[in-house]
1. Checking A:GLY255 against (1) small (Gly, Ala, Ser); (2) at pLDDT below 90; (3) part of a helix (DSSP H, G or I): exactly one of these is not met. Which one?
2. Please determine, by comparing only the residues of segment B:162-177 that are touching a residue at least 12 places away in the same chain (Cβ under 8 Å) and more than 8 Å from chain A (Cβ to nearest Cβ), which one is nearest to B:VAL109 (Cα to Cα).
3. Given the condition within 26 Å of A:THR409 (Cα to Cα) and not aromatic (Phe, Trp, Tyr), answer yes or no: does some residue in segment A:341-349 qualify?
4. Please pick out the residue among A:LYS20, A:LYS34, A:LYS30 that is modelled with pLDDT of 85 or more, closer than 30 Å to A:PHE251 by Cα and more than 7 Å from every other protein chain (Cβ to nearest Cβ).
5. Checking the condition charged (D, E, K, R) and in contact (Cβ under 8 Å) with a residue 12 or more places away in the chain, which residue from A:GLU334, A:GLU374 passes?
6. Could you check segment A:200-222 and list, in sequence order, the residues that are out of contact with any Phe, Trp or Tyr (no Cβ under 7 Å at 6 or more places or on another chain), crowded, with 17+ Cβ neighbours inside 10 Å and not β-branched (Val, Ile, Thr)?
7. Would you mind finding the one in B:ASP123, B:ASP129 that is more than 18 Å from B:TYR156 (Cβ to Cβ) and surrounded by 14 or more Cβ atoms within 10 Å (Cβ to Cβ)?
8. Condition check: of a type in the set (Val, Ile, Thr), part of a helix (DSSP H, G or I) and closer than 23 Å to A:LEU13 by Cα. Does B:ILE30 satisfy that?
Amino acid sequence: MKKKEWNEGLNHLDPDLIEKHIEQKEMLRKKKQKSKGIWLRFGAIAACFLLIVSAVIVVPMLREDEPSFQLPTDINNIIWNTDIGDAPDNSIEVPLWEGWRVNSYSLYQELEKANPDQYFALHISKTFWDGFVYNGKTVAQIRQEKKDKYNLFEKLAQLLKEGDVLKYGELVYTVGTPEGEKWAKALYDERIEYYGEELLSKYIVDGEFNKAQVEEDSSNAIAEAEQLEIMDDDAYKAYHSSYVDDTEKVFSELGLCTIVKNNKLFVFIQKEKLANLDVADKGGYTLSLAKRRNYEHEEGDIPTYENKVQGFALEKIECETFDHSSRFAKTDAELIDKINDLIVAGQFDTDRIRILITSSEALSEDVFKDMNCETINVTKKYKTSAFAWLSVKYENLNLEALKEISNMTTVKTINIYLEIEVPDVAG
Amino acid sequence: MELQNKQTVRIPMDDDKIVELYWERNEKAIEETDFKYKKYLFSIAYNVVHDRLDCEECLNDTYLGAWNAIPPTKPSVLKAFLTTITRRIAIKRYHSNLKQSVIPSEMTVSLSELEDFVAGDGDVDSEFDAERLGRVISDFVRSLFERRQFIFMSRYYLADPIDTIASDLSLSRSMVNKELAAIRSALKEKLESEGYSI
């Protein structure tokens, strides 16, 4: 392709891409300006004062290379979230700490026992966000609609099984159906109540059960529920983007050490200052401990595996996804894409993936010698299966070795996942 | 002490008001555009042509282009609209300057990064479909992660220097270069899959 042709092509780039880019540039520039210190320029001001007073007032110059953010103390002296694996146990009622909601009992305990001079790395998020409006609906509405669609799908799935009986109406519990089925009245009444007269009258008309319509509506209901799932996810992302800057402003104006990094708000603070912080609507925020990896990791600094390995036993391998697509891949290339996507999704929270292998016979650790594992845990065979848990750093994953393992006849399934839950709003 | 010389600060006009001036055919529109966007548009042009006089001419042509286009156009984001015009004019100037072997600009450097698949210096083929390529590149850009989108647009649309991109995103140069390498590799695949000869 010629350079002129390339540039001609670029001249026809979608205008909305250009607009988006311009707006992003402006936003980045504004953020950089906000983080610069306030200094006075040396110059005519000093000259004027020299005329009036005998001493020269020297003030620091505006430094172009002033670092925009500095941690309040050595990074190793900060309390970070070191949890791996389990999300906070929502069954435990965590008390307020000095009027603050905290997302886990372990954070509560850390705050209680911390020395006054210790710094915490916190995420501060808005507690209730069901009122956030996305595409004209509140999150609460989206979730209710989603729930209604799933409920409808479930009801229609049940109706497919029972509709041919229910079409006989009261005969079902009086004399029984021509096919010989008879129910107790209590059961019949319970099922009618479950479906509701309105739903039933749509699909059972004049003693005829419209199965085709039920199948169509059921299929539509699940498709709509899936769309609402996507909308819920998108709303979450939009909410997250919207609150981060606003919340950062609130806390930085209180004189706290704050930074937005990798689209998350970090606040570095000692417990006494946190306890005495006078902020409006304190109860509207939730505190959680930030992960050091969230802070240190540069987005994109992760490996990307190319589509060079072929011959995986694809029917055995499930890869965790966060985009509502199937966990099973249809092709080797698709599997490698899913692994790459998993690494991207987890990059801020962990530096490794987990692999769980189920096998019909116990596997020795030797089987995994080429997998470059950080940890290997194997079990003996229990009843019909043995298990092996591996954790592998992103950059050390040996896809050839994984392929060989997948093709072993004793290997039944392979699950590839992250060792953390999908990050929540609080990070 | 009271300062003797009070400087009045001129505040740039809102984009909506500037566009209105164009629609009213009020020549103040050009003046306001120049006051607000001269520096920015100059930097766009300079990345491409690397010559101050040429840049001034590009800017003048941009204002003329905007005057002729508005109306009937009513741009929703004036800055983006002007960027497009300036870039097109600068690119034309760039290609004509190439024949005269003037000092290579950032555009030259950014194009050289693509020489794996964007190499020839000749004129556009008569059958070349620029709009189609524009759509293919747009699809490609949309398929990138946000940060890579930003880097692609900065480097290959606006020909921003690597240092500027690194500074905008608070990244190291090496990280930006790494991202660019990944973008180029994916772009090459995309162009090949769309039937462009590489």
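1. Result: A:GLY255 fails condition (3) only.
2. Top of the filtered list is B:ILE162.
3. There is no residue in segment A:341-349 that is within 26 Å of A:THR409 (Cα to Cα) and not aromatic (Phe, Trp, Tyr).
4. A:LYS20
5. The unique qualifying residue is A:GLU374.
6. If the condition is that a residue be out of contact with any Phe, Trp or Tyr (no Cβ under 7 Å at 6 or more places or on another chain), crowded, with 17+ Cβ neighbours inside 10 Å and not β-branched (Val, Ile, Thr), then A:LEU200, A:ASP217 are the ones that fit.
7. Residue meeting the stated conditions: B:ASP129.
8. Here the answer is no, as B:ILE30 does not meet what is asked.
The values are calculated or read from the model by the stated rules, or taken from the named source; none is laboratory data. Remember, predicted model here, so these are calculated numbers, not experimental data. All Cβ positions, even for glycine, are placed from backbone atoms using ideal geometry, and neighbour counts span all protein chains on display.
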